[in-house]
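Chemist: What follows is a structure written as structure tokens; I'll ask about it next.
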Amino acid sequence: MSTEQRNAKQKILGIIGGMSWESTESYYRLINEGIKSELGNLHSADLLIHSVDFAPIGELQAQGAWEEMGEILANSGKRLQAAGAQGLLIATNTMHKVVDEVQAATGLPIIHIADATAKAIKNKGLTRVALLGTQFTMTQDFYKQRLIDAGLQVFIPDADAREEVHRVIYDELCQGQLLDSSRQYYRQVIEDLAEQGCEGVILGCTEIGLLIKQADSPIPVFDTTAIHAAAAVDFLLGNANF
């Protein structure tokens, strides 16, 4: 990278975080590590973060009150915009269900986590992928259909496994608990999906990457937190448009 590139001014990225703060912490570290890798020296990421209280949102998710959640995230996006954000990142898979509301409220470019993930999978030449995440992410079209529209075949666990994968996210991972018993369960779920012909597995909840690593899977792992953070680095450096 040239001296001119190293001295180039970054764009300002606003992050809507706190869902959960454990994964938002990962985003902050990964994005700053990416900027450091690209620019070197004492460089760090030009970020604005609004971390919402996850408890009320978790309750609204359980109630299916997506309109209210859309308003909460839209207000968060407007606060970040007012503070100077030139683009936004929603640091969670599930809450991309309300991405259109945030977009409409701000008019800012939003780095969509499913689009970045689909691109990473296609760059590896894969088409048949397993999707793990919350029940919302695994079963509803707002996320899965976006992957399908990108040309991927998407497979999800059976109903019992979906319920347990979802439970672990909310009862353990979002509360900072990384249990080996749950890691073993996720491993078995991934192995079962691999036996069904899946070529890779999407860790479609930003907390799953805290528990599952590539060593835990017989097929390539696509950690959406890491992928999304890498896309954020591209945005900050002006290397991509969203």
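The values are calculated or read from the model by the stated rules, or taken from the named source; none is laboratory data. These numbers were taken from a predicted model, which means no experiment stands behind them. When we count neighbours, we look across all protein chains shown, and the Cβ atoms used for this are built from the backbone with ideal geometry, even at glycine.
Chemist: Taking the stated definitions as given, is Ala91 of a type in the set (Gly, Ala, Ser), closer than 22 Å to Gln140 by Cα and out of contact with any Asp or Glu (no Cβ under 9 Å at 6 or more places or on another chain)? Explain how you work it out, then say what you get.
Modeler: On the way: of a type in the set (Gly, Ala, Ser): yes; closer than 22 Å to Gln140 by Cα: yes; out of contact with any Asp or Glu (no Cβ under 9 Å at 6 or more places or on another chain): yes.
Here the answer is yes, as Ala91 does meet what is asked.
Chemist: Run down Thr106, Thr127 and say which single residue is in contact with a Leu (Cβ under 7 Å, 6 or more places away or on another chain), of a type in the set (Ser, Thr, Tyr), assigned by TED's automatic domain parsing to the domain that holds Tyr170 and at pLDDT 95 or above. First the steps, then the outcome.
Modeler: On the way: Thr106 fails: assigned by TED's automatic domain parsing to the domain that holds Tyr170.
One residue alone meets the criteria, Thr127.
Chemist: Would you point out the residue of the range 204-242, among those that are modelled with pLDDT of 95 or more and aromatic (Phe, Trp, Tyr), that is nearest to Ala118 (Cα to Cα)?
Modeler: Here the answer is Phe222.
Chemist: Quick check on Ile169: is it of a type outside the set (S, T, N, Q) and in contact with an Asp or Glu (Cβ under 8 Å, 6 or more places away or on another chain)?
Modeler: Details: of a type outside the set (S, T, N, Q): yes; in contact with an Asp or Glu (Cβ under 8 Å, 6 or more places away or on another chain): yes.
Yes: the conditions hold for Ile169.
Chemist: Please tell me if Ala159 is assigned by TED's automatic domain parsing to the domain that holds Ile90 and over 15 Å from Ile121 (Cα atoms). Even if it seems obvious, please write down each step before you answer.
Modeler: Details: assigned by TED's automatic domain parsing to the domain that holds Ile90: no; over 15 Å from Ile121 (Cα atoms): yes.
No.
Chemist: Okay, moving on. For the range 208-242, which residues satisfy the criterion of being aliphatic (A, V, I, L, M), in contact (Cβ under 8 Å) with a residue 12 or more places away in the chain and not in a loop (DSSP other than H, G, I, E, B)?
Modeler: Going residue by residue through the range 208-242, those that are aliphatic (A, V, I, L, M) are 208, 210-212, 215, 219, 221, 226-227, 229-233, 236-237, 240.
Within this subset, residues satisfying the condition of being in contact (Cβ under 8 Å) with a residue 12 or more places away in the chain are 208, 210-212, 219, 221, 226-227, 229-233, 236-237.
If the condition is that a residue be aliphatic (A, V, I, L, M), in contact (Cβ under 8 Å) with a residue 12 or more places away in the chain and not in a loop (DSSP other than H, G, I, E, B), then Ile208, Leu210, Leu211, Val221, Ala226, Ile227, Ala229, Ala230, Ala231, Ala232, Val233, Leu236 are the ones that fit.
Chemist: Could you go through the range 182-190 and let me know if any residue there is closer than 25 Å to Ile110 by Cβ, of a type outside the set (Asp, Glu) and touching a residue at least 12 places away in the same chain (Cβ under 8 Å).
Modeler: Applying the first criterion (closer than 25 Å to Ile110 by Cβ) to the range 182-190 yields none.
The answer is no, given that none of the residues of the range 182-190 is closer than 25 Å to Ile110 by Cβ, of a type outside the set (Asp, Glu) and touching a residue at least 12 places away in the same chain (Cβ under 8 Å).
Chemist: As an exercise: evaluate Ser181 against (1) part of a helix (DSSP H, G or I); (2) in contact with a helix residue (DSSP H, G or I) (Cβ under 7 Å, 6 or more places away or on another chain); (3) surrounded by fewer than 20 Cβ atoms within 10 Å (Cβ to Cβ) and give the number of the one condition it does not meet.
Modeler: In the conditions (1) part of a helix (DSSP H, G or I); (2) in contact with a helix residue (DSSP H, G or I) (Cβ under 7 Å, 6 or more places away or on another chain); (3) surrounded by fewer than 20 Cβ atoms within 10 Å (Cβ to Cβ), Ser181 misses (2) alone.
Chemist: Within the range 74-103, which residues are among the charged types (D, E, K, R) and within 19 Å of Trp21 (Cβ to Cβ)? Please lay out each step first, then the result.
Modeler: Taking the range 74-103 first, the residues among the charged types (D, E, K, R) are 78-79, 97, 100-101.
Once the filter is applied, which keeps residues that are among the charged types (D, E, K, R) and within 19 Å of Trp21 (Cβ to Cβ), the range 74-103 yields only Arg79.
Chemist: Same structure again: Report, by residue number, each residue of the range 172-196 that is under 21 Å from the mean Cα position of the chain (by Cα), farther than 12 Å from Ser217 by Cβ and of a type in the set (A, V, I, L, M).
Modeler: Leu173, Leu178, listed by residue number.
To keep it simple, each residue is scored yes or no on (1) without any contact (Cβ under 8 Å) to a residue 40 or more places away in the chain; (2) touching a Phe, Trp or Tyr at 6+ places or on another chain (Cβ under 9 Å).
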site: Arg128; (1), (2): no, yes
site: Thr139; (1), (2): yes, no
site: Phe142; (1), (2): no, yes
site: Arg146; (1), (2): yes, no
site: Gly151; (1), (2): yes, no
site: Phe155; (1), (2): no, no
site: Ala161; (1), (2): yes, yes
site: Arg167; (1), (2): yes, no
site: Asp171; (1), (2): yes, no
